[in-house]
Amino acid sequence: MIKILIPVDGSDQSMHAAYHAMRLVSAGLKARFVVANVQEAPNLYELVVAHDPDVLHEVSDAAGHDLLRPAVALLTAASQLVEEVVASGDPAHTLMELVESHGCDAVILCAHGAGESERGLGSVAQHLVQHCQVAVTIVRPAPREEPEAS
């Protein structure tokens, strides 16, 4: 059974990767999924103000799990095997490490994440396409149809 990493950042765009995975499953693909969120590491200011690095880690971990929830719910509702992973660091490099550490055979992700331009590929998608040693599928949302003028 193939193991697929699906990175999510909480954006509507990132959910399209989970929707695409479900289309593949409904077409007969046998797969397990690792749904992952990468939180940015705390900056120096946050570390100084927080007084307790464990609190920052707990908040970051809780935020990451909250962002995973919709994709995990979609996949588990369809009886799919799902692992949840929240990591901290640079998203592109951390996702590469997750592919290796979780033994993933493929990655499905959206073309760009939250806050990135909808043109071309986002920085994380670009990095994975160029450097990942497994198959990377880039998913774009279907174009919005303009209402017809009457």
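None of the figures in this text is laboratory data; all of them are computed from the coordinates on show. From a predicted model like this one, the values you see are computed outputs, not experimental measurements. Backbone-built Cβ (ideal geometry, glycine too); neighbour counts: all protein chains shown.
Things worth noting here:
- Separation in nanometres of the label points that stand 7 Å from Cα toward Cβ, at S26 and H102: 2.3
- Evaluated with a Cβ-only charge set (Lys, Arg +1; Asp, Glu -1), the stretch 2-139 carries a dipole of roughly 820 debye about its Cα centre, given to the nearest 20.
- Phi-derived couplings, Karplus 6.51 cos²θ - 1.76 cosθ + 1.60 at θ = phi - 60°, listed residue by residue for the stretch 10-21: x, 7, 4, 4, 5, 5, 5, 5, 5, 4, 5, 4 Hz, with x used for Gly and Pro.
- Equivalent ellipsoid semi-axes, the stretch 2-139, via Cα gyration tensor eigenvalues times 5, rooted, Å: 26, 17, 14
- Only Cα pairs under 8 Å and 6+ residues apart enter the sum, and on that basis the relative contact order of the stretch 2-139 stands at 34 percent.
- Cα-projected label distance for V49 with Q133, points at 7 Å along beta-carbon direction, nm: 4.0
- Ranked by how many other beta carbons lie within 10 Å on average, peptides 78-85, 103-110 from highest: 103-110, 78-85
- With both labels modelled 7 Å from their Cα along Cα-to-Cβ, the S88 to A73 distance reads 2.7 nm.
- In this structure the amide hydrogen of V107, modeled in the peptide plane, comes within under 5 Å of the amide hydrogens of L5, A135, V136, T137, none closer than 5 places in sequence on its chain.
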